[in-house]
Amino acid sequence: MIKFLLMINKQGQTRLSKYYDHVDVGKRAALEANVVKCCLFRKKEECSFVEYKDYKLVYRQYAALFIVVGITDDENELSIYELVHNFIEVLDKYFNRVSELDIMFNLDKVHIMLDEMILNGCIVETNKNRILAPLLALDKMAES
Amino acid sequence: MPAVSKGDGMRGLAVFISDIRNCKSKEAEIKRINKELANIRSKFKGDKALDGYSKKKYVCKLLFIFLLGHDIDFGHMEAVNLLSSNKYTEKQIGYLFISVLVNSNSELIRLINNAIKNDLSSRNPTFMCLALHCIANVGSREMAEAFAGEIPRILVAGDTMDSVKQSAALCLLRLYKTSPDLVLMGEWTSRVVHLLNDQHMGVVTAAISLITCLSQKNPDEFKTCVSLAVSRLSRIVSSASTDLQDYTYYFVPAPWLSCKLLRLLQCYPPPEDGAVKGRLVECLETILNKAQEPPKSKKVQHSNAKNAILFEAIALIIHYDSEPNLLVRACNQLGQFLQHRETNLRYLALESMCTLASSEFSHEAVKTHIETVINALKTERDVSVRQRAADLLYAMCDRSNAKQIVAEMLSYLETADYSIREEMVLKVAILAEKYAVDYSWYVDTILNLIRIAGDYVSEEVWYRVIQIVINRDDVQGYAAKTVFEALQAPACHENMVKVGGYILGEFGNLIAGDPRSSPLVQFNLLHSKFHLCSVPTRALLLSAYIKFINLFPETKSTIQEVLRCDSQIRNSDVELQQRAVEYLKLSSIASTDVLATVLEEMPPFPERESSILAKLKKKKGPGAVSAGELEEGKREGGEVNGWEVNQQKSEPSQENASSLTTSPSPTPTAMHLSLTSFFFPSSLSQSTPSPSADLLGLRSAAPVSAAPVSAGSLLVDVFSEAGPAASTAGVNDDGFLRFVCKNNGVLFENQLLQIGIKSEYRQNLGRMYLFYGNKTSVQFVSFSTTLKPVDPLVEGGAQVQQVINIECLSDFSDAPLLNIKFRYGGALQNLSLKLPVTINKFFQPTEMSSHDFFQRWKQLSQPQQEAQKIFKANHPMDTEVLKAKLLGLGTALLDNVDPNPENFVCAGVIQTKAQQIGCLLRLEPNAQAQMYRLTLRSSKDTVAKRLCELLSEQF
């Protein structure tokens, strides 16, 4: 199961966080700080999976942005690693070359896309068109 | 794609975010946020109704603030109001706010539930999805109560849209996890399973998570999913990469779904149906074949997706553990990955191979990669990969390669990361023990371990080496020699001093023939380390010194000198001081024979599961020890070199140990004493958690639990004269003597059990109530006593009562024994206590005048009718206390009988079924000398003698 998904920039600031198990606000900050410590300073040649407490962290870097997913050990690491890439491709498709700012200014939309892909800690949809469908419908409504 | 401008028209939001980004300090940021929060609060409270756009903007701001780590304590109501809006955008932002910010115990749940109910019945698929997402995200008990009946219907209904089905599946999973009692699958089971056949891949992807969870809980009911999953998988695997259109990812058809199908199959054993199994094996072979085909794309995404499926397929092959052909192919595939340039693949291959190593079919195949793995341990730049390599070496180790692997791990330890050293040390210790063919190699390895990574050598490790040296007499001489050499190093680790002290204290004599390691040289070497050591180590060394006095009488004066010096005998640490004082006294008072008995060589430890293995399991957590490792333990534990014995086998040897404690013969008693006294010179120590118990590898107090209590009193007996106590040792004597003059109280108590008694006597009859109290929170099972049947289960914290009736047939001197057996946490506990039934309990007091008393006294003047003892007062000579004790004895206390008012005289008749025995007693205290003279006269000589013995311990 996926426990959480974080988008963190190189300065260690959280840009998006989604928890699939309830975590107190106070504890989130500590957890995110630890995750930053675990993942951000790793070198290129080190592997993308880090053991952290009861979870495994799967992380992937895109320019200055890190995406870190916390999973339990019944999840397939490589498939999550590619799920992250799929998510980025969805964002890319929607924002047309996504940047950190797009995510900050459109948190609600990023959340919609994420909810279409992962629900309750499980992968629910991987087809890019279907992930984007509700959002595009929404945009159409806003235009009219 | 629509042209999305930054901020999408929400200028206020853009301004706020850039303000935050421009803040130079945390303080400035907090100030800006507080300003914004005040602004939003006033907007929400304001009279002017906000339009949907503003509400959305403010909720976005709140989300952003929340993300920065600030708790949001308002806005919830506004969000709930948005839910009932008819505009999709507003509804959507309301749901988003709630799923991010509302936790499952919010008071708003009822209102939220209402909105959800409306949306679910709206038949508008987008609204339904929003509502279902919300349930899946919040998932409270109340939501389960409200919707658990509704959602399965939505999930399987024929006219439900695919996207709604997907949300409904994961929503149901959430409710099943929070409140399994409310989600009744019964009638839906088969229709849910058939979702695996759904034409829509998205529905299958969502449903499979639900089915996997349900299958884990109710495997039988969902069994039919196996064949459906196999056929689905087969269709995906054999499809051309273009067949599945949008579900193809970089030329790999439906990688995530394939992984999930393979994962679902891991909930079940191999399919029984031959056709299904054949199809599955074909799938797995196809997956393995594809790994060898040239890649369809150079993109890393392609190979990652392909390998994700491959690793999952290998996991399934390992799970089945029944297809040697597939297992070997899997191993070869992983072997290729071990040298792949992608670190991720090397990491995963090492991890996967670790489980492969425990299969009997592939163990040999895994072993062929040993050089690669050793190389990985040495050259990998990522510590987590090195850690996996170490794990794999541990898993692939067997008798044939143990020496090589242990040597490699030892040399790696010198440079290993601090974070993994302790675990490495444990692993080396376990392997060295498990595969030791000659024990000199084992001893060398452990001593090397202490030399290289002494700080990481936990107690379990050095306890274990001592246990093994004690139990194997063929290695004792070598161990003494090696440890003696190791101690020559100018700086050696404290753990080395501990092992050295213990081993030389036991077996120093084996190397004393060599003048280079003569007794005095040994002692001086040990003592040269003394001052650099911590208190527990010094305490151990003091015990080693007293053992030296026994081993080498020629060292006696030197050691006594050391013990006598102020830094020992006046040490501020009470344990050290007590040991110094007691050992000094013991060495000067006790005869060589007594000394030899007390300080006899340690008896062999009972054989049991290695405490180190237990520690490694604990360290890794119960789930972390792979099933393979446990099985391996099962397979080999029974006979590994004769001394690593698993739980079942250790049972008889534990019984041996306990018969040792209860046996009345003097030799095992002395052995037992020497065992406990090595660590417990004083009864004082018993209150602290006992290191000797740990040394024995016991996790609970176990059979020895009674020993520390008796050890103290035994030592006292040794000092006075090795008298009758020897025959009763091992049995709790202490409690027994306290009950001569009283009938109620606590008879026995240790960390596990408390036994209280209450008793009453009339003439030659008595009744005793025994109360067994379980002091732990864990149930005792198979609880039994030798007296009569009692409830075999004693719950944690509970008390069990037992009533016994007693009849005195004739006079007696030995108390009846009470044996108690029970299991606590798997370990058999065995206790032997003397029931405090003494001859004096059957006294009838007899009042008589001074004249009568002295007349009878004279009548009982034959020498054997009198028993007399002169002894020192153990308690303050308080007249009132003395009187109370004599009354408690059961006799009549006669006033104005003895011409000396300081003296006490008593009279009584002991009632037995066979006869009545008159007794007279005279107790003469001498306050100046703090001595008593006790005289008893009785018509029966044995009674006088026994009473005298009993009473002399009371004052």
Pulled fully out, how much extra length does the chain show between B:Gln859 and B:Asp473, if you take 0.36 nm times their separation in residues and subtract their Cα-Cα distance? 132.6 nm
Order by neighbour count: B:Lys885, B:Lys260, fewest other Cβ atoms within 10 Å first, most last. B:Lys885, B:Lys260
More than 20 Å apart - percent of Cα-Cα pairs taken over the range B:1-142: 51
Take every Cα pair under 8 Å in the range B:123-190 that's 6+ residues apart, average their separations, divide by the length, and report that relative contact order as a whole percent. 42
Checked the range B:445-515 with the C-alpha gyration tensor, a ≥ b ≥ c its square-rooted eigenvalues, rounded below a/c of 1.5, otherwise prolate if a/b is larger than b/c and oblate if not; verdict oblate
Computed over chain B: longest principal axis from alpha-carbon atoms vs helix B:666-679 long axis, angle to nearest 10 degrees, is 60
What are the semi-axes of the equivalent ellipsoid for the range B:417-542, taken as the square roots of 5 times the Cα gyration tensor eigenvalues, largest first, in whole Å? 23, 18, 11
Using alpha-carbon coordinates, inclination of helix B:627-637 to the longest axis of chain B, degrees: 30
Compute the semi-axes of the equivalent ellipsoid of chain B, taking the square root of 5 times each eigenvalue of the Cα gyration tensor, and list them largest first in whole Å. 73, 40, 30
The percentage of Cα-Cα pairs in the range B:752-798 separated by more than 18 Å is 37
Is there a quick way to get the dipole size of the protein assembly as shown? I mean about its Cα centre, with the Cβ of Lys and Arg at +1 and of Asp and Glu at -1; what is the value in debye to the nearest 20? 2700
Please report the relative contact order for chain B, taking Cα pairs under 8 Å with a sequence separation of at least 6, and give it as a percent rounded to a whole number. 5
Any idea which of B:Leu510, B:Leu532, B:Leu563 is furthest toward the positive side of the dipole for the range B:490-563, if Lys and Arg beta-carbons carry +1 and Asp and Glu beta-carbons -1? B:Leu532
Say each of B:Lys758 and A:Lys27 gets a label point 7 Å from the Cα, pointing the same way as Cα to Cβ; how far apart are those two points in nm? 4.7
Between A:Leu101 and B:Asn197, the two model label points (7 Å from Cα along the beta-carbon direction) sit apart by a distance in nm of 5.4
Taking Cα atoms only, Rg over Rh for the range B:468-581 with Rh from the Kirkwood formula is 0.95
Rough spin-label spacing in nm, given labels placed 7 Å along Cα→Cβ, for A:Gln13 and B:Asp51: 3.1
Counting only C-alpha contacts under 8 Å and six or more residues apart, can you give the relative contact order of the range B:495-564 as a whole percent? 38
How far, in nm, would the chain grow between B:Arg341 and B:Leu793 when pulled straight, counting 0.36 nm per residue and subtracting the alpha carbon separation? 156.7 nm
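Step through the table entries B:Lys821/B:Lys945; B:Lys24/B:Lys57; B:Lys585/B:Lys775; A:Lys10/B:Lys306, compare each Cα-Cα distance with 27 Å, and write down the pairs that go over it.
B:Lys821/B:Lys945; B:Lys585/B:Lys775; A:Lys10/B:Lys306
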How big is the Rg/Rh ratio for the protein assembly as shown, C-alpha atoms only, Rh by Kirkwood, two decimals? 1.10
Please list 3J(HN,Hα) in residue order for the range B:776-786, calculated via the Karplus relation 6.51 cos²θ - 1.76 cosθ + 1.60 where θ = phi - 60°; whole Hz, with x for glycine and proline. 8, 9, 10, 5, 8, 10, 6, 6, 8, 10, 6
Hey, fewest Cβ within 10 Å first, where do B:Asp119, B:Asp898, B:Asp814 land in order? B:Asp814, B:Asp898, B:Asp119
For B:Lys35, list the aspartates and glutamates whose Cα falls under 12 Å from its own Cα; do not include residues on the same chain fewer than 8 positions away. B:Asp19
Rounded, prolate or oblate: which one fits the range B:515-613, using the alpha carbon gyration tensor with axes a ≥ b ≥ c (rounded when a/c is under 1.5, else prolate when a/b beats b/c, else oblate)? rounded
Would you mind checking which residues have amide H under 5 Å from B:Met931's amide H? H placed 1.01 Å from N; only 5 or more apart, or other chain. B:Ala873, B:Asn926
So if I place +1 on the C-beta of Lys and Arg and -1 on the C-beta of Asp and Glu, and nothing else carries charge, what would the dipole magnitude of the range B:432-485 be about its Cα centre? I want it in debye, nearest 20. 40
By count of other Cβ within 10 Å, fewest leading, how are B:Trp462, B:Trp857, B:Trp256 ordered? B:Trp857, B:Trp462, B:Trp256
List the aspartates and glutamates whose Cα sits under 17 Å from the Cα of B:Lys869, skipping any in the same chain fewer than 8 residues away. B:Asp717, B:Glu721, B:Glu924, B:Asp941, B:Glu949, B:Glu953
What's the FRET efficiency of B:Ser813 with B:Leu111 using the Cβ-Cβ distance as r and R₀ = 56 Å, to the nearest 0.05? 0.10
Over all directions, what mean area does the Cα convex hull of the range B:231-294 project, stated in square nanometres? 4.5
Compute the angle between helix B:370-379 and the longest alpha-carbon principal axis of chain B, please, reported from 0 to 90 degrees and rounded to the nearest 10. 90
For the range B:150-278, what class follows from the C-alpha gyration tensor (a ≥ b ≥ c being the square roots of its eigenvalues): rounded when a/c is under 1.5, otherwise prolate if a/b is larger than b/c, else oblate? oblate
Intensity falloff of the range B:240-336 expressed as log10 I(q)/I(0), Debye formula with alpha-carbon point scatterers, at q = 0.11 Å⁻¹: -0.32
Over 22 Å (Cα to Cα) among B:Lys223/B:Lys260; A:Lys37/B:Lys260; B:Lys742/B:Lys858; A:Lys44/B:Lys299; B:Lys841/B:Lys913 -> A:Lys37/B:Lys260; B:Lys742/B:Lys858
With charges only on Cβ, +1 for K and R and -1 for D and E, what is the dipole size of the range B:88-205 about its Cα centre, in debye, rounded to 20? 60
Cleavage-rule hits (trypsin sites (Lys or Arg not before Pro)) in the range B:891-955: DSSP loop, at most 13 neighbouring Cβ within 10 angstrom: B:Lys913
In whole Hz, what ³J(HN,Hα) sequence does the range B:469-477 give by Karplus (6.51, -1.76, 1.60; θ = phi - 60°), x for Gly and Pro? 5, 4, 7, 10, 6, 6, 10, 5, x
Residue-averaged 222 nm ellipticity for the protein assembly as shown, from DSSP H runs of 4+ at -39500 (n - 2.57), nearest 500: -17000 deg cm²/dmol
Could you tell me which of B:Phe843, B:Val366, B:Ser54 has its Cα farthest along the dipole of chain B towards the positive end, charges placed at Cβ (Lys, Arg +1; Asp, Glu -1), taken about the Cα centre? B:Ser54
³J(HN,Hα) computed for each position of the range B:787-796 - Karplus, 6.51 cos²θ - 1.76 cosθ + 1.60, integer Hz, glycine/proline x: 6, 7, x, 9, 3, x, 10, 10, 5, x
Under 17 Å between alpha carbons, and skipping anything fewer than 8 positions from B:Lys55 in its own chain: which lysines qualify? A:Lys109, B:Lys43, B:Lys45, B:Lys87, B:Lys91
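Readers should treat all values here as calculations from the given coordinates under stated rules, not as data from a laboratory. Predicted model, so just to flag it, every value in this text is computed and none were measured. Glycine also receives a Cβ, built like all others from the backbone with ideal geometry; neighbour counts cover every protein chain displayed.
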